[in-house]
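Everything on this sheet refers to the single structure shown next.
The values are calculated or read from the model by the stated rules, or taken from the named source; none is laboratory data. Only a predicted model underlies this, so the values are computations on that prediction, with no experimental measurement involved. So basically every Cβ, Gly included, is an ideal-geometry build from the backbone, and we count neighbours across all protein chains shown. Just the protein is used for accessible areas: all its heavy atoms, side chains included, with ligands, DNA and RNA removed. Shrake-Rupley method; radii C 1.70, N 1.55, O 1.52, S 1.80 Å.
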Amino acid sequence: MPRAEMSGHRRALRRLRRIMAGSGSPQERLDRLVKVIAEEMAAEVCSVYVMRAGEVLELFATEGLNPDAVHKTRLRVGEGLVGTVAATARPLNLPDAQSHPQFSYRPETGEEIYHSLLGVPILRGGRVRGVVVIQNQALRVYDDEEIEALDIIAVVMAELIAREELISPEERTTAQGNAILPTRLTGVKINGGLAVGEAVLHMTRVGVQQMFSDDPDEEHVRLANALSSMHSELDQMLEMHELSDVGEHRDVIATYRQFAEDRGWVRRIREAIDGGLTAEAAVQKVQEDNRARMSQISDPYLRERLHDLEDLANRLVQHLSGTTIGGSDDQLPDRVVLLARNMGPAELLDYQPGRLQGLLLEEGSPTSHVAIVARALNIPVIGMVEGLLSRIDSLDPVVVDGDNAQIFVRPGEDILQMAASNIELQERRREAYAAMRGEPAISRDGVRIILNVNAGLLMDLNGLDESGADGIGLYRTEIPFMVRAEFPDVETQTELYRNVLAQAGDRPVMFRTLDIGGDKQLPYFRDVLEENPAMGWRAIRVGLDRPGMLRRQLRALIRASEGRKLSVMFPMVAEVAEFISAKKILDMEIARARARDAKLPTELKVGVMLEVPGLMWQLDALLPIIDFLSVGSNDLFQFMFATDRGNPRVADRYDVLSPGLLSLLRSLVRRCEDAEVSLSLCGEMAGRPLEAMALIGMGFRNISMPPATIGAVKSMVRSLLVASLRDYLETLYDLPDHSLREKLRSFSRDHGVNIVDT
Ligand code: PEP
Ligand code: MG
């Protein structure tokens, strides 16, 4: 920004500051502000619209428009140009506003003589609080400096509105149109579980006291100091004992540390300082801009990166203002349910684990870094909650039902009591399962069932001992890849797999080769945009098209398993030829290791995942050449019923306990028994006791599930008579029913089988 403009900005900000600190009612000060802004911006009109209850923007002050329109002209979000600015959270710069399709003429304002318009959103705490507009008669385009100047002025406006002097506290508590009545919101389950707590809006916790400065040089020095102390804090975090124990999370933080050095980000903060803001106000401004951008960006990778920067912005403001947030803040309620549009991964770790009960995100995807960290902390997380930030207020009591992706806001006594007793029950069950840890999973009629866990994070492996599982039935190798900043090389992968095997001890581990693509994107490997990613370039397809990548992974697995058994399976195999090609690559790697006199695994078992229904018709060719087969029921179900597993709209449309899926599984069991091929199932259904019961009735003797569900499934097994269930099931396969769920539930009730929903 040229120096003359910079000093112009600062002069304007000085004047605004004087008004802000001056006498008069908030309305009087706002009236003075619009006058000064119009003058400083050489505009004929300056108007401020403030967001009121019901998502309505009300004209609160104007210089230039008809003063009678003040408090009369109102626009809904999305209505007219002002409403468009609010809806998109982006500036609008129009030489001829009236020709814009969104223009909505309001005769009471007398604005017909003004042509050009620049509108900028007033943002704070992730919400649009209003819109500031300048207008001129001439047809002109406002330049970048003017947009920047009005943007900074919007920061001042946000301050004034945030002090809640313009709108009564009563209206504020009805938070943009919600009565203080109980409300239920829904989203998408990111992590299950039940929690009760008080809402804490993540973003509002950092307050900027001093907005403006006349001494940019001093602010630059403050910024540099704060950046360097933040960097050392992040380094310390990396060294922290707890984090070094959980490898993947450490990688998340390390990646995030790199963002802290993002040049563009720091440059934009410096520019805002040059515009007349203090360092903390400048950070906050850039943060607000980031948030506004986030709502516009659809690329999930870029969105995640912006969230990471936002997280850093908060941290940086704390360093500048000397305040701390998170776990050390005693002003937090004892039981925190955290609310955010989205979050960076390290922020969660700022909160004392005991205090943090749940996490709600307006955006947030199951594969985001923050979701991975939250899962490791074992708190319920719900994402994609529409209107979350505008419908819950700080300190509202909240019940988070992660399993059903429901949020009860300001719940009645009945719901609170129900939640409390469910939490107590959960706790009691957990204790009972822990006590059962050493007992084998044997049915009442003596059938031994192997219960394995699905793992991906090192944290999941802790569950092995706690739950007393038999082994790891599915190790999703892509998970550690997803939380890294770059593709791990052979050494890193070897180390990782060694670590998994060490934690597993004597227990077997089934390594699945990379299942990337679909909803599991690697940040550093994204050269495809697909319409149907679940049916696109993923899993073994990527492995076969990029054999070097697959080879390196297999090499690392072979190295990590020297002196012990290795089991490898390939995901999403759709035809036998794919398995044969993948197996050849594995054979090449074994030959390579042998040629180098490397120590080989003592035993090698190679299998496939049955996830694509088409493979069912190649079993004759497949079964003789594999050692084991594992059903990936999550994908198998989605492809069999053509129902997207990530789409909540169709999530309940079909049931895994349908005669169709069960018949398929039943014939698979028979075929594998005949061919003497070991069979297991490792989709989510294995972790649900009623479904697991059905699997065992069909003949499955080995199932793999999320670690937290082992206890409930084992308890089911130990109360089951397998023979009578098998006979009963034989009568059901050919029924035309949508689901056999109720019939199976009745069976469990009549036969005293312990079924607890997980
Ligand atoms: C499955 O599809 O059932 C499975 C276990 O694999 P993932 O859930 O990782 O796709
Ligand atoms: Mg799968």
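What full-extension length gain, to one decimal in nm, is calculated for Arg76 and Thr88 as 0.36 nm per residue of separation minus the Cα-Cα distance?
So the extension gain works out to 3.0 nm.
Within the accessible area of segment 43-108, what % is carbon and sulfur when the probe is 1.4 Å and the other protein chains stay in place?
C and S fraction of accessible area: 49 percent.
Note down the net charge around Glu112, summing +1 for each Lys or Arg and -1 for each Asp or Glu among other residues with Cβ under 15 Å from its Cβ.
-3
In segment 436-726, what percent of the accessible surface is made up of carbon and sulfur (1.4 Å probe, ligands and nucleic acids excluded)?
48
What is the set of long-range amide H partners of Arg140 at a cut-off below 5 Å, with H atoms built 1.01 Å from backbone N?
Placed amide hydrogens put Ser116 under 5 Å from Arg140.
Would you mind checking segment 431-462 for residues with the amide N under 15 Å from a putative spin-label position 7 Å along Cα→C-beta of Asp506?
438-440
Under the rule of at least 5 residues apart or a separate chain, name every residue whose amide H is placed under 5 Å from the amide H of Ser630.
Placed amide hydrogens put Val608, Met609, Leu610, Ser680 under 5 Å from Ser630.
Which of the trypsin sites (Lys or Arg not before Pro) across segment 653-708 are loop residues per DSSP, with 13 or fewer other Cβ within 10 Å?
Passing sites in segment 653-708 are Arg653.
Given the peptides 722-733, 551-562, arrange them by the average over their residues of other C-beta atoms within 10 Å, most packed first.
551-562, 722-733
Per residue, how much accessible surface does segment 436-726 expose to a 1.4 Å probe? Answer in Å², no decimals.
With the other protein chains kept in place, segment 436-726 gives 40 Å² per residue.
In Å, what Rg and Dmax follow from the Cα atoms of segment 654-758?
For segment 654-758, the Cα radius of gyration and maximum Cα-Cα distance read 12.9, 35 Å.
Per residue, how much accessible surface does segment 67-123 expose to a 1.4 Å probe? Answer in Å², no decimals.
Value for segment 67-123: 44 Å² per residue.
With both bridge residues required to lie in segment 436-726, what share of the DSSP beta bridges run antiparallel, to the nearest 5%?
So the antiparallel bridges amount to about 10 percent of the total.
Can you list the residues, at least 5 places off or on another chain, whose amide H is less than 5 Å from the amide H of Ile122, using H built in the peptide plane?
Here the answer is Arg129, Gly130, Val131, Val132, since their amide H atoms fall under 5 Å of that of Ile122.
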